[in-house]
Amino acid sequence: MRWWRRTRPTAWPNMRRRTIDREDGVNDAALEAAKRLAAAGIDSARVDARLLWGFAGGDAATFDAAIARRLQREPVAYILGHKEFWSLDLEVGPGVLVPRPDTETLIEEAVRLVPDRTAPLAIADLGTGSGAILLAALAEFPNAHGIGFESSPAAFDYAARNAARLAPGRAEMRLVDWTAAAGPFDLVFSNPPYIPPAEIESLDPDVRDHEPRAALDGGPDGLDAYRALGRLLPGLLKPGGHALLEIGAGQAGAMEPLFPGLELMRITPDLSGVPRCIVLKPRNFLGNPGPIR
Ligand SMILES: C[S@@+](CC[C@H](N)C(=O)[O-])C[C@H]1O[C@@H](n2cnc3c(N)ncnc32)[C@H](O)[C@@H]1O
């Protein structure tokens, strides 16, 4: 007989729920905090309270301070000081964009484009932020090396520390405008700022009030960075190279004319079905379309 048959309480549903809470380490203080977060309009209140409870390690003062920050709508990842991306644990905090799962679409696409994981690729990541994309790509291609370009000093500091920890000797981070990049590269990634300022105002306060404007603001129509990349990318790619760029919801139709020097190969959806990654290659490349070298 399984233990729960012998010990099953009469008031099963309530007992069971309290048991789950204890197993997850959430006590009355955390449940109370979850209620406060929910009352402040935070949809993920319960999950957030659990994460912050675990982060505080049972220290009431640390927990209270963390909940106070969350009530100010600071992103949980900033309070925890890290965020998982492509199974990598990245250091993040105020001043750098929290990497999003949608961005993993670019890594999935790179793995499809380059079946040879041993390829000694040269990779660039334009606007590297925390270094998420470059470091994930280097984790998939162990003989590759890469450069992350970032113009924000705060973001660059995170990128440099993440690179030193996760890809020592293979990832170089540069605090420069991406126009300073010089190729040639096999793969160029970018998740540029692509939100029009008017839309930023309607975003969740976690994003609008805490994540860096320079990581979000794509100019009046959200497309300024793509215009700049359209001028830059043809000079950065090897003849058989590819550029993989993240785009925002509803932007797919605007992309092709912005890259007159490149061929738009395909647009890949994210896990929600939203067109998320554009794949570009140099025009008139007549070489072997097989694995990139
Ligand atoms: C949307 S965030 C992406 C961050 C990271 N790649 C990610 O996916 O999580 C865009 C990043 O590009 C940087 N950026 C914007 N314009 C830039 C430029 N002209 N040169 C270098 N970096 C730039 C921003 O500071 C920001 O860190």
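Every number here is computed from the coordinates shown, using simple stated rules; none is lab data. None of the values given here were measured: they were computed from a predicted structure. Here the Cβ is made from the backbone with ideal geometry for all residues, glycine too, and neighbour counts use every protein chain on show.
Can you sort Ser44, Ser190 by how many other beta carbons sit within 10 Å, fewest first? List each step's numbers first, then the result.
Values: Ser44 15, Ser190 23.
So the ranking, lowest neighbour count to highest, is Ser44, Ser190.
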Inset, instruction - For the chain, find the longest principal axis of its Cα atoms and tell me its angle to the long axis of helix 12-23, 0 to 90°, nearest 10. - result: 60
Legend entry - Three semi-axes of the equivalent ellipsoid, the chain, Cα gyration tensor, whole Å, largest first: 40, 22, 19
Inset, instruction - Round to the nearest 10 and give me the degree value, 0 to 90, for the angle of helix 45-56's Cα axis relative to the longest principal axis of the chain. - result: 90
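Would you mind ranking His242, His145 by Cβ crowding within 10 Å, fewest neighbours first? The partial results should precede the final answer.
Working: His242 24, His145 16.
Neighbour counts put them in this order, fewest first: His145, His242.
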Inset, instruction - Give the residue from Ala154, Ile247, Ala167 lying farthest towards the positive end of the charge dipole for region 139-293; charges sit on Cβ (+1 for Lys and Arg, -1 for Asp and Glu) and the dipole is referred to the Cα centre. - result: Ala167
Legend entry - Candidate lysines for bridging to Lys281, where Cα separation is under 29 Å - those fewer than 8 sequence places away on the same chain excluded: Lys238
Inset, instruction - Give me the angle, in degrees from 0 to 90, between the Cα long axis of helix 153-166 and the longest principal axis of the Cα atoms of the chain, rounded to the nearest 10. - result: 80
Inset, instruction - Per DSSP H run of at least 4 residues, take -39500 (n - 2.57); add these up for the chain, divide by its residues and hand me the 222 nm value, nearest 500 deg cm²/dmol. - result: -10500 deg cm²/dmol
Legend entry - Alpha carbon Rg of region 45-101, scaled by the compact-globule rule 2.2 N^0.38 Å: 1.11
